[in-house]
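This report refers to the structure that appears directly beneath it.
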């Protein structure tokens, strides 16, 4: 019973639905004016993880119900690709380039990194890149507070069970890291 409740709680929070229960006293801008009005929820996705999660959930919902034709962007030549967080990226001339021997579109520019499932703490892959864009234009004090809160959230999750699962997944992440560099075989790759 305990794991089932934890699972549904995580889904509820991950979708951002807990945002509706985080009532407070905030303000929002009125479109096309300089006016601000009272609002009961925090819409700042820097200070509210729930707001950020709900924003992504709503985007996904709109794409799903709009019956949009979808195509895998990696199939379109000369289009920047979306890289997974465990893929190898290099920076050349201020641009991220996918340099991962496991995928045929290696060598193309990267338009986005997919971090789903990773905590925003010190072990997050490409954390510096994420923070550079996430915190662009924010005041130094707010950037420091954001980083400290992310570390504290990560530390709070480090229960014995979580640590066990992190250690259990370490060989997979190591093999992924090695195979991205051509140093190990990955699902039948000829590298290594």
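Rule-based calculations on the coordinates, nothing more; no lab input. Quantities reported herein were computed from a predicted structural model and do not represent experimental measurements. Note: ideal-geometry Cβ built from the backbone for every residue, glycine included; neighbour counts use all protein chains shown.
Rounded to whole Å, give me the distance from the Cα center of region 86-106 to that of region 1-69. Comparing the Cα centres of region 86-106 and region 1-69, I get a distance of 32 Å. Considering only 168, 134, 88, the mean-square fluctuation computed in a Gaussian network model of the chain, springs between alpha carbons under 10 angstrom, is largest for 168. With a Förster radius of 30 Å applied to the C-beta separation of residue 61 and residue 147, the computed FRET efficiency comes to 0.45.
Okay, helix-only estimate at 222 nm for the chain: each DSSP H run of n ≥ 4 adds -39500 (n - 2.57), divide by all residues, round to 500 deg cm²/dmol; what do you get? Provide the component values of the computation, followed by the final result.
Values: 5 runs with 77 residues, N = 192.
Computed ellipticity for the chain at 222 nm equals -13000 deg cm²/dmol.
Given R₀ = 30 Å, FRET efficiency for residue 35-residue 90 by Cβ-Cβ distance, to 0.05? Calculated value: 0.05. For Cα extents along the principal axes in Å, computed directly from the structure shown, the correct entry in (1) 87, 35, 30; (2) 57, 44, 28; (3) 60, 44, 40 is (3).
If both residues of a DSSP beta bridge must be in the chain, then about 70% of such bridges are antiparallel.
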